[in-house]
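Values in this text are rule-based calculations from the coordinates and carry no lab data. Predicted model, so just to flag it, every value in this text is computed and none were measured. A quick note on method: Cβ atoms are made from the backbone with ideal geometry, for glycine too, and the neighbour counts reach across all protein chains shown.
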Amino acid sequence: MRVGEIVESNSTGFVCESYELNRPPALGSLVKVHVGEARDLYGVVCYGETGSLDPGRRAVRRSTDEVYDHQVYRESPQLEHVLRTEFTSVAVGIVERGIVVQGLPSLPPPLHFSVHTCSSEETILFTENLYYFRLLLRASGPVAVEQLLAANVREVYIERGSDEEWLREAAREAASLLKHDYDRLMAVLYAIQPVR
Amino acid sequence: MPLRLGSIGDGVERMVEILAAEERSQWVERAQRLLHDADPGDLKAKLRDRRTRVPWLVAIPVSSMDDVFGAPDCPSYFSVVAADGSSVPPDRHSPARFYVLNTGRAILTYGERPSAVLDASAQFHFQMEDLYLYPSAGSFPIEGARLSAKMAVAELRGLREATERTETPVAALRDGSLILWGLQNEDSRVQQRFLREFLECLDDFQNAGVPVVGYTSLPGARDVVNSLRVWLCQAEAIDCANCSSPEAMDSCKALVTILDRQLFGFLKAGERSDIFESTSAILSEYGDHRIQFFYLNVDGEVVRIEAPQWVMHDSQMVDFVHSVLCDQCRRSGVHPPYPPALQEAHEQAVISITDRRLVEDMVDRALARRGIVFTRSAKDRSKRRRAV
Amino acid sequence: MDGRRLGVVTDGGFNTGLTVRLDADCPTEDLRIGDFVVVEGESNRYFSMISDIQLHVSDPRVLASPPHDAPPLVAQALAGTTTYATVEVKPMLMLDLRPDLGEATRPQRVRTIPMHFAALHRATEMDFATVFGKEGDRNFAIGTPVSMNIPVRLRLDRFVERSNGIFGQSGTGKSFLARLLLCGIITSGAAANLIFDMHSEYAFDKQTEDGRWVRGLRELLGSRVLVYSVDAKAAARRNVDVTLTVGLNQIEAEDIMLLADELDLTATTAATAGLLGDRYGGNWLRQLLAMSSDDLAEFCQSSGAHPEATKALQRKLRDVQRRAYLKEDVPFSPIDEMVTALGRGRSIILEFGRHDSPLDYMLVANIVTRRIRTLYRRKMERFEETRAEADRPPQLMITLEEAHKFLNPSAARQTIFGTIAREMRKYNVTLMVIDQRPSGIDAEVMSQLGTRITGLLTEERDIDAVLTGVGSRSFLRGSLASLDTCQQVLLMGHAVPMPVMVQTRPYDEEFYQDIRGSDQAKELPDVGIADIWAE
């Protein structure tokens, strides 16, 4: 499913404008860009933001006792045209004809290309190998890397149909990568506990 | 160099003292009392009398002086169309003479299926017939007041075109006055040229039954106050140099400092004043579209709403306009409120400095490709380079 | 469990041992100090022992706020990453894996170490067989490793060719272990045995502390075992083959020296025996016992012996003389006949019956052994002349309990046992000493004990003593200290390629069956005793 268009692109990732206002793909989920024939660049959503198209304008309070939430948008139909939702993704690998290579792409994705959500099968295939965790832990951005990793693990866990075995592996990989940063590691491990 | 603020600071203090002076608020109250006391019939007669030569711009009450009207209910389904314009004026430093007009529009529909359409259209004018009113003579270049008038026409055209596409009921808004002040001192040929196009649009609106309205925020007008001064004056002919009534003269002088929006400060949120007729000279050319106005409290400020008389004579249209404007201000996110339609039209229209420079660069590069390299004036160059 | 990978080598040195980081799924509790493990290097397999187990964390912050009540996901994620364990491993032997050497390779001394990330595995049955030898008649299965069910074999021929020791606190099963070994040695024919059975427990069935009956060697092995006794009365009751008497003529001055403590003699007094011996030769004791006070006085004057000392000596020895097994003059032939029987493959158990005081034990053992060694030396010298196989004296192992009485630093210089221990295998006579106080044994003697089998020892000096002259002492300490009180021993030395911790097999029905079953080849005809010497 197409969810956005790339408006900034570089070697480590890309920024997209989301097609639907206030509905970017979930933090930590996998997205892909068709960069070539049977060649997709995969990214993990690491940030989302909704604000004015024009950087000089700021959102103001528009709700009242009677009008709030979705009603606000009905009341001021111009909002959908002057606001936009953007999301940033960290590049984590390339999948070409079913072969997964995790790492930074050789080329940044083309500007204005569409970004799609990944299906369950695609997510399962990509996450068989957990090497890409290293790229997530190196991402720079407003979201703390341990929170990003935890968000990704949660999303993938569900896409994989509550795969307990994979979750254990992910926890171990996180522990191995964060063995010298106990506090961060604990933050991740407790954040990925499945809610019972 | 940076402005020397020391001397300015003292002046600011003194000015603010005067503004804050107690007497001023007292005078606003006295003016309001005058408004309530004044007899509209007498005043109208006085103002209409040819012998009364009034050196100030006055407003003629259509019925009462001080009636107030509460905001009627909004229809459940309606649209608001607004237009605004901005320009890159002709640059005397450039060998290529051109100007850009950017007209921004917003069409907001409310009700069951709310929607919004925001657009802008830019026109690049470079042909002789666009640059000069009389191209063969090279006279009456389009700049300054003429450019403003051309822009006003473009806005009105944009509004008209937008309302054609919109289902009724619809109100058309323009930021600022509908009275083309700037043309007052122009040659009559210039006036005619612009007025013709302007009034054609107004004809179309009238034929379509769509009210078109000028919205002025923070109005600086004082034509109703001036009418009160006439009311005060006992003499047949207004001769301020030889004022016959000293008591009245004090009041009169005090009234000079008061604006209409202060006068109508007694309006409660959502209330409008009664309708007044503007006596601006240019309006003699307006025919059926003579402009009338009322003041409206939008719950944050008192604004001046102008419309052609065919709108103001139609009580349904007036109510519609009144309710729509109040509704718009209710939907505004800012304080004091401002109609979102006008806000968005403005945003669409605005040309930033970067945009402006982009256009200039485009032109420069195109010229350069043709081997035309021009020199700017020394002053302009020094402004751009700002060398030390 | 067999052959499972435990971890990888991450650090270490030739002298210090290797550090192995345990895999996340290998808990420390699966391993024990002293376990036999194998490190797979590129070119060699290293047969090693675990000498230490340690815990680590990769981030010290864990120590400050350890997770408590951690959900299982958190706990299993931390295990092996933030928290991990290492074991210290000491390679003991290495096996060259190069394919060109094929089957001919044997484990050798460790001369190098493996590289990083070499894998550590539990030892398999194959590994045990490679190191400790396969089943064979001189490879005696003495027990199993503590947590496995694979037999650990002792090489009996190497065991008997040097003196060796069985140590451990009282109650650690030394006598059962001795029985096991003796059965093995006797049935395999590795050596002839002479056992000085102080408490008459080896020959016949005996009831243990917990009421079980254990078989005697005579019952198990039949006529391969001869039973002698110095207690005539007991001999009559039990099935003793020969009653031994000892003559005063056989007692020498050195015996008195040895018995100085038992007889409560001062050094001077004991030394007087030497003076008497000088004067009277082999007859000195009878002379002394027959002396009157005047004779005594005269003797002292002429020899310079101390009169009081001499009197004391005479007094004490008169007590000794009253022992039932002591006669005036006894020929050496019964002892010589013992040697003949031993030469024909028999084993002899010498019981003491009611004469089981340390004094009797030491006196008799010393006399008998002295005579035997003299005979053996002669035989050996003749064999060296003739070089005929028939003249080669068979390996003889003498089992000695309470060894510290015979081998303490002062006695060791004087007794025949000290001589035998120091001579090693010069005359094919060796000792098997059994003791609970190894610190009482002379250090030089201790260092000559080729194989040591040790149960639990708690005294520091005993542990030090037992490890005298053994390489890699410090980590073997850890192994020693972790032995169970019962049936667990550490085997080290000449008869095993590398030290190993063993759960000794029980001395029970199953063992009896095994022994009888394996005892085929050397079944000797059940002949009358007298005929033995007649052959």
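Take chain A, connect every pair of alpha-carbon atoms lying under 10 Å apart with a spring to form a Gaussian network, then pick out the residue of A:P109, A:P25, A:P142 with the largest mean-square fluctuation. Judging by the Gaussian network model, the answer is A:P142.
Modelled this way, with points 7 Å down the Cα-to-C-beta line, the labels at A:R39 and C:Y280 are 11.5 nm from one another.
Can you work out the FRET efficiency for the pair C:S223 and C:E423, with r the C-beta to C-beta distance and R0 = 25 Å, to the nearest 0.05? Working from the Cβ atoms, E equals 0.20. Between the helical axis of C:174-188 and the longest alpha-carbon principal axis of chain C there is an angle of about 80 degrees. Across chain B, the mean sequence separation of Cα contacts (distance under 8 Å, 6 or more residues apart), normalised by length, yields a relative contact order of 23 percent. The Cα-based radius of gyration of the protein assembly as shown, divided by its Kirkwood radius, gives an Rg/Rh of 1.41. Modelled spin-label separation between A:R61 and C:D336, with each label point placed 7 Å from Cα along the Cα-to-Cβ direction: 12.6 nm.
The ellipsoid equivalent to the alpha-carbon distribution of the stretch C:260-304 has semi-axes of 17, 12, 11 angstrom, derived from the gyration tensor eigenvalues as √(5λ) and listed largest first. Only aspartates and glutamates eight or more places from C:K134 in sequence, or on another chain, were considered; those with a Cα closer than 13 Å are C:E125.
Highest GNM mean-square fluctuation among A:S11, A:S106, A:S76, for chain A modelled with Cα contacts below 10 Å: A:S76. Relative to the longest principal axis of the Cα atoms of chain A, the long axis of helix A:145-159 lies at roughly 80 degrees.
Centroid-to-centroid, using Cα positions, the stretch B:148-207 and the stretch C:50-71 are 81 Å apart.
Summary value for chain A: 26 percent relative contact order, contacts being C-alpha pairs under 8 angstrom separated by 6+ residues. Relative to the dominant Cα principal axis of chain B, helix B:246-256 is inclined by about 30°.
Listed by chain and number, the aspartates and glutamates whose alpha-carbon sits under 14 Å from that of B:K268, ignoring those within fewer than 8 places in the same chain, are B:D66, B:D67, B:D299, B:E301.
Checking every one of the GluC sites (Glu not before Pro) in the stretch C:164-230 against DSSP loop status and a limit of 11 other Cβ atoms within 10 Å picks out C:E209. Taken one residue at a time, the phi angles of the stretch C:215-230 give Karplus couplings (6.51, -1.76, 1.60, θ = phi - 60°) of 6, x, 5, 5, 5, 6, 10, x, 6, 5, 10, 9, 10, 10, 8, 9 Hz. Gly and Pro are set to x. With a threshold of 24 Å on the Cα-Cα distance, the over-threshold entries among C:K174/C:K426; C:K206/C:K233; C:K174/C:K327 are C:K174/C:K426; C:K174/C:K327. The GluC sites (Glu not before Pro) of the stretch B:60-163 that meet both conditions, a loop assignment by DSSP and at most 12 other Cβ atoms within 10 Å of the site Cβ, are B:E112. Loop-resident trypsin sites (Lys or Arg not before Pro) (DSSP state other than H, G, I, E or B) in the stretch C:202-288 with no more than 11 further Cβ atoms inside 10 Å of their Cβ: C:R212.
On the beta carbon distance between B:D49 and B:A281, with R0 = 22 Å, the FRET formula returns roughly 0.80. Based on the Cβ-Cβ distance from A:I99 to C:E40, what FRET efficiency comes out when R0 is 22 Å, to the nearest 0.05? That gives a FRET efficiency of 0.10. Site pair B:N185 and A:M1 shows an inter-label distance of 6.4 nm when each label is modelled 7 Å from Cα along Cα→Cβ. Close amide H pairs (under 5 Å, H built 1.01 Å from N) link A:C46 with A:G28, A:T88, A:S89, A:V90, residues at least 5 positions away or on another chain. In units of the compact-protein estimate 2.2 N^0.38 Å, chain C shows a Cα radius of gyration of 1.15.
For the pair the stretch C:210-280 and the stretch C:172-208, the centres of their Cα atoms are 18 angstrom apart. Only Cα pairs under 8 Å and 6+ residues apart enter the sum, and on that basis the relative contact order of chain C stands at 19 percent. Across chain B, the longest piece that holds none of the trypsin sites (Lys or Arg not before Pro) lying in DSSP loops with up to 14 other C-beta atoms within 10 Å covers B:166-267.
According to the square roots a ≥ b ≥ c of the eigenvalues of the Cα gyration tensor, what is the shape class of the stretch B:1-93, taking rounded for a/c under 1.5, prolate for a/b larger than b/c otherwise, and oblate for the remainder? Oblate, because a/c is 1.5 or more while a/b does not exceed b/c. The slack between B:I18 and B:S63, meaning 0.36 nm per residue of separation minus the straight C-alpha distance, is 12.7 nm.
For the stretch B:246-335, rounded, prolate or oblate, judged on the Cα gyration tensor with a ≥ b ≥ c (square roots of eigenvalues), a/c < 1.5 rounded, else prolate if a/b > b/c? Judged from the Cα gyration tensor, the stretch B:246-335 comes out oblate (a/c at least 1.5, b/c at or above a/b).
Could you give the distance between the Cα centres of the stretch A:1-34 and the stretch C:18-48, to the whole Å? Using only Cα atoms, the two centres lie 50 Å from each other.
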